1. Give the residue, chosen from I153, I163, that is closer than 27 Å to A308 by Cα, touching a Lys or Arg at 6+ places or on another chain (Cβ under 7 Å) and either without any contact (Cβ under 8 Å) to a residue 24 or more places away in the chain or in a helix (DSSP H, G or I) (or both).
2. Could you tell me which of the residues A176, A136 is touching a Ser or Thr at 6+ places or on another chain (Cβ under 6 Å) and either surrounded by fewer than 19 Cβ atoms within 10 Å (Cβ to Cβ) or under 29 Å from R201 (Cβ atoms) (or both)?
3. Hey, E216 hits all of (1) touching an Asp or Glu at 6+ places or on another chain (Cβ under 8 Å); (2) of a type outside the set (G, A, S); (3) under 21 Å from H377 (Cβ atoms); (4) not in a helix (DSSP H, G or I) but one; which does it fall short on?
4. Condition (residue is closer than 23 Å to V207 by Cα and assigned to a helix (DSSP H, G or I)) applied to segment 90-106: is it met by at least one residue?
5. Considering every residue within segment 62-83, establish whether at least one is within 22 Å of the chain's Cα centre (by Cα), farther than 19 Å from G128 by Cα and in a helix (DSSP H, G or I).
6. Read through the list (1) crowded, with 23+ Cβ neighbours inside 10 Å; (2) outside any helix (DSSP H, G or I); (3) hydrophobic (A, V, I, L, M, F, W, C), then give the number of the only condition that V371 fails.
7. Checking I209 against (1) crowded, with 21+ Cβ neighbours inside 10 Å; (2) modelled with pLDDT under 95, which test does it fail?
Amino acid sequence: MHRLRIWFGMRQIATALMIVLLAAISAGAQMAPTRTWEELKQETQRRVDKNLGPVGGLKSEDAREALANIHSLDRDEWAAAWSAIGERYDKRAESEEAAKNNDAARDDYFWAFRYYTAARWPTPNSAGKQKAYQNALAAFRNYGKFLDPPVEILHIPFEGKEIPGYIRLPKDVGPAPLVFMINGTDSRKEDEVQGHESMFRSGIGVVAIDMPGTGESPVKADVGSERIFSRVLDYLATRPDVDSKRIVAWGVSYGGHWSASLAYKERARLRGAVVQGGPVHDYYTAEWQKKSLGTPEYLFDLFAARAAIYGVESLDEFYAYGTRLSLKTQGLLGQPSAPMLVVNGEKDSQVPISDLYMLMQSGGAAKWSWVNPDGGHTGRSQEWPNSRISEEVITPWIKARLEPVAENNNRKSGN
């Protein structure tokens, strides 16, 4: 029996004690204010070898090569070393594509994307990282055309600009229900639209855009920025191959803030919302930020990544800006909402577990929660990596929410 605690409905839950390591933070610091370069090098290689985020899935030998060519915390040096690995895969993929060796080309474009992503991580805040990000976009789009189902690139008009995004629809299903994926602070829409084979086998598609303040989003994170997601819902309603009445939002990390916001503001157009490690209220306090910005759970440059989504530079600006985004401050907690599945780990040092409990206790609609007592951010732990949480906890809930209404009614009547 797994040591997991699961709460359903509106059960009152006492706020858990969070244990975090306090560390000083400097807005002007380079990549790792809590780690020296040698410490960061060792930790990065350890995470690659152990398949841990944000570098999980990379090849150990490639990581050793990249890290051997970095000698400081300089952001462009980091970007150049990882980009060199990505470029090697990129060039090989181009040759394979020209030779019609599509399977090999697909795989090598994927690796190019992954290493360019490592190069720009966590946010493209230098010239080298900006170049790496553009290369990551190009590699992903080359990779995406070989996927099954393929990646369709979206350009949705929005306030004189556009919302870039992706959609993948299962074959021979129409109109298809959708999962609306929302990335976090350091991930991007490209990360969120991959995988999901179980969804496609069940006739469910996936759509993704960059959350406000990240990637190619046309807006920074602020009160009202969820309107970009509303605009995508408008667009999806025009597509005959999409069942716009069967959509669930799934926000990961900071993306959980936006999925929760949509559960309130777009409740009529959503079947449900997954809030996985998402900020609600306590996250936005200066007290929590001072604790969490130095957490060793994050590899490096956490302040830079968080500040970038607001477009601010100093700590004072950062503390003042974030508070207005609180769902409590906005008056949303307790309002009618779409059903929610709220997920996180008791030991999350990036988003306080108290935010999960506050959301659960707020009323407004049926809520389900899954809490890993040994879990860190987004609920992950050695026993429960994000892949397992997705497969065994989140995906079944989403599939249940997306069942046709007629089928649900038949089940209720016993037919």
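The values are calculated or read from the model by the stated rules, or taken from the named source; none is laboratory data. Since we're looking at a predicted model, the values are computed, not measured. Cβ placement follows ideal geometry from the backbone for every residue including glycine, while neighbour counts extend to all protein chains displayed.
1. Step by step, each of I153, I163 is checked, and only I153 is closer than 27 Å to A308 by Cα, touching a Lys or Arg at 6+ places or on another chain (Cβ under 7 Å) and either without any contact (Cβ under 8 Å) to a residue 24 or more places away in the chain or in a helix (DSSP H, G or I) (or both).
2. Going through A176, A136 in turn, just one is touching a Ser or Thr at 6+ places or on another chain (Cβ under 6 Å) and either surrounded by fewer than 19 Cβ atoms within 10 Å (Cβ to Cβ) or under 29 Å from R201 (Cβ atoms) (or both): A136.
3. Failing condition for E216: (3).
4. Yes - at least one qualifying residue is present in segment 90-106.
5. no
6. The single condition V371 does not satisfy is (1).
7. Against the list (1) crowded, with 21+ Cβ neighbours inside 10 Å; (2) modelled with pLDDT under 95, I209 comes up short only on (2).
Conditions tested, residue by residue: (1) touching a Lys or Arg at 6+ places or on another chain (Cβ under 7 Å); (2) not aromatic (F, W, Y).
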residue	(1), (2)
R188	no, yes
S225	no, yes
S230	no, yes
Y235	no, no
P240	no, yes
R246	yes, yes
G256	no, yes
A260	no, yes
